[in-house]
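The values are calculated or read from the model by the stated rules, or taken from the named source; none is laboratory data. These numbers were taken from a predicted model, which means no experiment stands behind them. Please note: Cβ atoms are built from the backbone with ideal geometry, for glycine as well, and neighbour counts cover all protein chains shown. Please note that ligands, DNA and RNA were not included when accessible areas were found on the heavy atoms of the full protein model with its side chains. Shrake-Rupley method; radii C 1.70, N 1.55, O 1.52, S 1.80 Å.
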Amino acid sequence: MKICAHSAVLATLLAMTTSASAGDGLSVIETTPRRAVLDAATDAIIQVTFDRAVDPATLGVETFHAFSRGAGPLTGTLSVSRDGRTVSLTPLRDASPGEPVTVTLGHGLRGLDGSSLRARGHQFRYWTQAGAGDLQFEIAQSITTRAFPGEDVIPYGGTATDLDGDGWIDLSIVNEATDDVRVFMNLGDATCRVDSFLQPGNAIGSVPSPSEAADFNLDGLPDLCIANIAGDSVSVLLGNGDGTYGPAQTLDTGDGARGITVLDLDGDGDLDIASSAYYSNNLRLLFNDGTGVFGGLTSLNPGINGEWSIQADDMNGDGLFDLVIGGQSQVRVLLANAGGGFTNHSTRSVSGRTWQLNLADLDGDGAVDVACVNSFADEGFVFLNDGRGGLRPGVSHDTDPFPLASDLGDLDGDGDLDWITSSYGGDWFLFLNDGMGGFQFHSSFDAPIAASCSLPVDMDRDGDLDLVFVDELDDSMIIMSNGGYDPPGPLGDLDGNGSVDGADLGIMLAAWGVCPAPCPPDLDDNGRVDGADLGLLLIDWN
């Protein structure tokens, strides 16, 4: 990242910081956007204000970076305010609508007085605003995940992230039968559709399941981590920036790796991994050396049985990511402490195994809440946060049989997060949020065989959230356009009447020559209307 500082005032800043003892740690006072907000602009400048002036020499991607779930790493320019206390990251690209953005500050940050950020660093997450969606979903594409007819694939979830930096979100789908990740690149034509998957697939461990995207080596390209259930392992794939991944690094974790989440466990600014080990009632913590190479496996016993799902976020507002674990019959919050460990803070009972859980502010009070699905009970639960990381009594909601996946997204664009459940023995359910964390059933979506997961994501770049459904028994994905499927007309249809004819030719000839953007007749976007554009127009001539 490029760094800008106002060096002319450094002497003044040094004088200012003498009032703060060098023995005191550098502390975060305020962030913009604020933690847990749901309506941040996609082009927001990320700002962090400290209690004293920051040493610009300690600013860099290792100590200050952001990751957008859909757009990927938000690389850009780091700058320091005139008083030295506010650091701004101005991303080179926008985040995607309706998604979480995670900001990580490493303990390598220093104040001009020599003070340091606390050893465990600082993290916060906010959500970008989604555009209004009318919830009139239509199928834009139904596509197989098979390489050939009859192949047994079992796609079970995945991630939706722009893998090649073209501004369109791509899909990395994890497959339990073929033990691989298959990448489907967005066609980039505003139709929500994707191309057939890139071959060959990316080999990982046995029976891979949950996955999460991150930038593990801080090279500005999205990577991927996956928990392998039968392989008792975690695989890490580093992205190449073109939709492909490098060879997997697979680490033995033992005892049924069922859940996975990403956070900075040791405060060094790079992202580590926490995974659940179902059979041993334990969590496994894997530490990143900063280059995307993992080692230093340790175990953590959260004190509940059958750890299955796991997620991380700041549950009590102290700037540290905590862990929320779903087990055989309980959901538990472990609060991170400055010493590097975790403390059992809050536990709630559930009926049936907590297969998957999500974290976000569901009632608009600025605290991060929990939504989960409980497979054998055929229901989901919503637990609101008391503001200190404690879970209030939950509210249950009936689902179709055997719910596997729980996902959140503001599908109607009203400023709160809605809830999608996926049921192996049934269909996908959409519950709308009333703005206070209360959910009402809105609609169901038929699954070919088994509704396995959903990805709420803006596939067509129109600002609202679409839905990508995965059916693991049908070996297929269904991409649903929010607001109906309205494919664009032919490329050369300049007057928008649905055909390419003499009227369009006239528009092109009138713009012939140099034509600065925006210039619709410049079909190849090279800044000129010329023979190449005429050729493209004639291809679609009616």
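Among the residues of the stretch 281-302, which ones are out of contact with any strand residue (DSSP E or B) (no Cβ under 6 Å at 6 or more places or on another chain), surrounded by fewer than 16 Cβ atoms within 10 Å (Cβ to Cβ) and either of a type outside the set (A, V, I, L, M, F, W, C) or without any contact (Cβ under 8 Å) to a residue 40 or more places away in the chain (or both)?
Across the stretch 281-302, the qualifying residues are ASP289, GLY290, THR291, GLY295.
So ILE273 clears everything in (1) closer than 18 Å to LEU323 by Cα; (2) open to solvent by 10 Å² or more (accessible area, probe 1.4 Å); (3) touching a residue at least 40 places away in the same chain (Cβ under 8 Å) except one condition, right? Which one?
Unmet for ILE273, out of (1) closer than 18 Å to LEU323 by Cα; (2) open to solvent by 10 Å² or more (accessible area, probe 1.4 Å); (3) touching a residue at least 40 places away in the same chain (Cβ under 8 Å): (2).
Considering the stretch 54-69 alone, what residues qualify as being assigned to a loop (DSSP other than H, G, I, E, B) and either touching a Pro at 6+ places or on another chain (Cβ under 8 Å) or under 18 Å from GLY319 (Cα atoms) (or both)?
As a first pass, look at the stretch 54-69 and keep what is assigned to a loop (DSSP other than H, G, I, E, B): 55, 59-63, 69.
Those that are assigned to a loop (DSSP other than H, G, I, E, B) and either touching a Pro at 6+ places or on another chain (Cβ under 8 Å) or under 18 Å from GLY319 (Cα atoms) (or both): GLU62, THR63, ARG69.
Report the residue count in the stretch 431-465 for those that are over 21 Å from ARG193 (Cα atoms), among the aliphatic types (A, V, I, L, M) and touching a residue at least 60 places away in the same chain (Cβ under 8 Å).
Going through the stretch 431-465, the residues over 21 Å from ARG193 (Cα atoms) turn out to be 431-444, 449-450.
With among the aliphatic types (A, V, I, L, M) added as a condition, the list becomes 432, 436, 449-450.
When the remaining residues are screened for being touching a residue at least 60 places away in the same chain (Cβ under 8 Å), the result is 436.
Total meeting the criteria: 1.
Rundown of residues vs (1) open to solvent by 30 Å² or more (accessible area, probe 1.4 Å); (2) touching an Asp or Glu at 6+ places or on another chain (Cβ under 8 Å); (3) touching a residue at least 12 places away in the same chain (Cβ under 8 Å), yes/no style:
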position: TYR126; (1), (2), (3): no, no, yes
position: ALA130; (1), (2), (3): no, yes, yes
position: GLN136; (1), (2), (3): yes, no, yes
position: ALA140; (1), (2), (3): no, yes, yes
position: ILE143; (1), (2), (3): no, no, yes
position: PHE148; (1), (2), (3): yes, no, no
position: GLU151; (1), (2), (3): no, yes, yes
position: GLY157; (1), (2), (3): no, no, yes
position: THR161; (1), (2), (3): no, yes, yes
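Just to check your reading of the model, which residue among PHE381, PHE321 is within 30 Å of LEU117 (Cβ to Cβ), at pLDDT 95 or above and among the hydrophobic types (A, V, I, L, M, F, W, C)?
Residue meeting the stated conditions: PHE321.
Are any of the residues in the stretch 235-250 part of a strand (DSSP E or B) and of a type in the set (D, E, K, R)?
Checked the stretch 235-250: no residue is part of a strand (DSSP E or B) and of a type in the set (D, E, K, R).
Run ASP314 past the list (1) closer than 30 Å to LEU238 by Cα; (2) open to solvent by 50 Å² or more (accessible area, probe 1.4 Å) and report the number of the one that doesn't hold.
Going through (1) closer than 30 Å to LEU238 by Cα; (2) open to solvent by 50 Å² or more (accessible area, probe 1.4 Å) one by one, ASP314 breaks only (2).
Go through the stretch 170-190 residue by residue and tally those that are in a loop (DSSP other than H, G, I, E, B), within 18 Å of SER476 (Cα to Cα) and either touching a residue at least 60 places away in the same chain (Cβ under 8 Å) or open to solvent by less than 30 Å² (accessible area, probe 1.4 Å) (or both).
Summing the residues that are in a loop (DSSP other than H, G, I, E, B), within 18 Å of SER476 (Cα to Cα) and either touching a residue at least 60 places away in the same chain (Cβ under 8 Å) or open to solvent by less than 30 Å² (accessible area, probe 1.4 Å) (or both) in the stretch 170-190 gives 2.
Any idea which of (1) outside any strand (DSSP E or B); (2) of a type outside the set (Asp, Glu); (3) under 21 Å from the mean Cα position of the chain (by Cα) is the one SER196 doesn't satisfy?
(3)
Any idea which of (1) assigned to a strand (DSSP E or B); (2) without any contact (Cβ under 8 Å) to a residue 60 or more places away in the chain is the one GLY306 doesn't satisfy?
It fails just one condition, (1).
Residues of the stretch 329-355 being outside any strand (DSSP E or B), within 21 Å of ASP266 (Cβ to Cβ) and open to solvent by 30 Å² or more (accessible area, probe 1.4 Å), which ones? Explain how you work it out, then say what you get.
Narrowing the stretch 329-355 to residues outside any strand (DSSP E or B): 329, 337-341, 350-353.
From the residues that got through so far, the ones that are within 21 Å of ASP266 (Cβ to Cβ) too are 337-341.
Those that are outside any strand (DSSP E or B), within 21 Å of ASP266 (Cβ to Cβ) and open to solvent by 30 Å² or more (accessible area, probe 1.4 Å): ASN337, ALA338, GLY339, GLY340.
Please give the number of the condition GLY205 fails out of (1) closer than 24 Å to MET480 by Cβ; (2) assigned to a loop (DSSP other than H, G, I, E, B); (3) open to solvent by less than 20 Å² (accessible area, probe 1.4 Å).
It fails just one condition, (1).
Residue-by-condition table, conditions (1) among the acidic types (Asp, Glu); (2) on the phi < 0 side of the Ramachandran plot:
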{"position": "GLY352", "(1), (2)": "no, no"}
{"position": "LEU362", "(1), (2)": "no, yes"}
{"position": "ASP365", "(1), (2)": "yes, yes"}
{"position": "PHE381", "(1), (2)": "no, yes"}
{"position": "ARG388", "(1), (2)": "no, yes"}
{"position": "GLY394", "(1), (2)": "no, yes"}
{"position": "ALA405", "(1), (2)": "no, yes"}
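Mind checking which residues of the stretch 37-53 are in contact (Cβ under 8 Å) with a residue 60 or more places away in the chain, farther than 24 Å from GLY409 by Cβ and in a loop (DSSP other than H, G, I, E, B)?
ARG52, ALA53
Look at ARG392 and say whether it is of a type outside the set (Ser, Thr, Tyr) and free of Cβ contacts under 8 Å to residues at least 12 places away in the same chain.
It is true that ARG392 is of a type outside the set (Ser, Thr, Tyr) and free of Cβ contacts under 8 Å to residues at least 12 places away in the same chain.
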